[in-house]
1. Of all residues in the range 7-54, how many are touching a residue at least 24 places away in the same chain (Cβ under 8 Å), under 17 Å from residue 86 (Cβ atoms) and not charged (D, E, K, R)?
2. Determine whether the range 25-43 contains at least one residue that is under 17 Å from residue 111 (Cβ atoms), part of a helix (DSSP H, G or I) and out of contact with any helix residue (DSSP H, G or I) (no Cβ under 6 Å at 6 or more places or on another chain).
3. State whether one or more residues within the range 8-22 are surrounded by 18 or more Cβ atoms within 10 Å (Cβ to Cβ), of a type in the set (D, E, K, R) and either in contact with a helix residue (DSSP H, G or I) (Cβ under 9 Å, 6 or more places away or on another chain) or outside any loop (DSSP other than H, G, I, E, B) (or both).
4. Would you tally the residues in the range 56-82 being part of a strand (DSSP E or B) and closer than 13 Å to residue 4 by Cα?
5. Residue by residue through the range 89-114, note down the ones that are outside any strand (DSSP E or B), under 30 Å from residue 20 (Cβ atoms), out of contact with any His (no Cβ under 8 Å at 6 or more places or on another chain) and in contact (Cβ under 8 Å) with a residue 40 or more places away in the chain.
6. Could you tell me how many of the residues in the range 50-83 are within 20 Å of residue 109 (Cβ to Cβ), exposed (fewer than 13 other Cβ atoms within 10 Å of the Cβ) and among the small types (Gly, Ala, Ser)?
7. Can you name the number of the only condition in (1) at pLDDT 95 or above; (2) more than 22 Å from residue 102 (Cα to Cα); (3) among the hydrophobic types (A, V, I, L, M, F, W, C) that residue 76 fails?
8. Looking only at residues that are surrounded by fewer than 11 Cβ atoms within 10 Å (Cβ to Cβ), more than 20 Å from residue 51 (Cβ to Cβ) and of a type outside the set (S, T, N, Q) in the range 84-114, which one is modelled with the lowest pLDDT?
Amino acid sequence: MSSKIIYKIVPQQMWQEAQKTGIFTGAPIDIEDGYIHFSTADQVKATAAKHFAGQNDLLLVAVDAALLGHELKYEVSRGGALFPHLYANLDLQYVQSVVALPLGEDGVHLFPEL
């Protein structure tokens, strides 16, 4: 079975707090909306530009969507696209990788190859 990786952009300090408990409960917007917002590989750069423009100290967290079960739902969001939403806390055991998401000289985030 092939895995489908989804991504969450998280401020470093918020992620460090999650590492203390092994559970990421979400950013304030996630808690307000009732689910953790994720993006697919095709969506995450636009997410960074729209919601995290100019922000430093961010991390790109990769999660195998298949491990999240029925609490992960793809729902219509920005521009009518289907975005992954997790209706649960994220257990850090499902995280595949965490990499820095630095700003380039042009102020745009520098992404690894996805």
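The values are calculated or read from the model by the stated rules, or taken from the named source; none is laboratory data. Keep in mind it's a predicted model, so treat the numbers as computed, not measured. Cβ placement follows ideal geometry from the backbone for every residue including glycine, while neighbour counts extend to all protein chains displayed.
1. 22
2. Start the filter on the range 25-43 by keeping residues that are under 17 Å from residue 111 (Cβ atoms), which leaves 38-43.
Right, trim to part of a helix (DSSP H, G or I) and you get none.
So far as the range 25-43 goes, no, none of its residues is under 17 Å from residue 111 (Cβ atoms), part of a helix (DSSP H, G or I) and out of contact with any helix residue (DSSP H, G or I) (no Cβ under 6 Å at 6 or more places or on another chain).
3. Quick first cut of the range 8-22, residues surrounded by 18 or more Cβ atoms within 10 Å (Cβ to Cβ) only: 8-10, 15, 18.
Retained after the next criterion (residues that are of a type in the set (D, E, K, R)): 8.
Filter once more, keeping what is either in contact with a helix residue (DSSP H, G or I) (Cβ under 9 Å, 6 or more places away or on another chain) or outside any loop (DSSP other than H, G, I, E, B) (or both): 8.
Checked against the condition, which is being surrounded by 18 or more Cβ atoms within 10 Å (Cβ to Cβ), of a type in the set (D, E, K, R) and either in contact with a helix residue (DSSP H, G or I) (Cβ under 9 Å, 6 or more places away or on another chain) or outside any loop (DSSP other than H, G, I, E, B) (or both), the range 8-22 yields at least one hit.
4. Here is the first cut: in the range 56-82, the ones part of a strand (DSSP E or B) are 58-64, 72-76, 82.
Applying the additional criterion that residues be closer than 13 Å to residue 4 by Cα yields 62-64, 72, 74.
Final tally of qualifying residues: 5.
5. Let us first name the residues in the range 89-114 that are outside any strand (DSSP E or B), namely 89, 92-94, 101-102, 104-108, 110-114.
From the residues that got through so far, the ones that are under 30 Å from residue 20 (Cβ atoms) too are 89, 92-94, 101-102, 110-112, 114.
Still in the running and out of contact with any His (no Cβ under 8 Å at 6 or more places or on another chain): 89, 92-94, 110-112, 114.
Passing the criteria: 89, 92, 93, 111, 112, 114.
6. 3
7. (1)
8. Taking the candidates together, the pick is 113.
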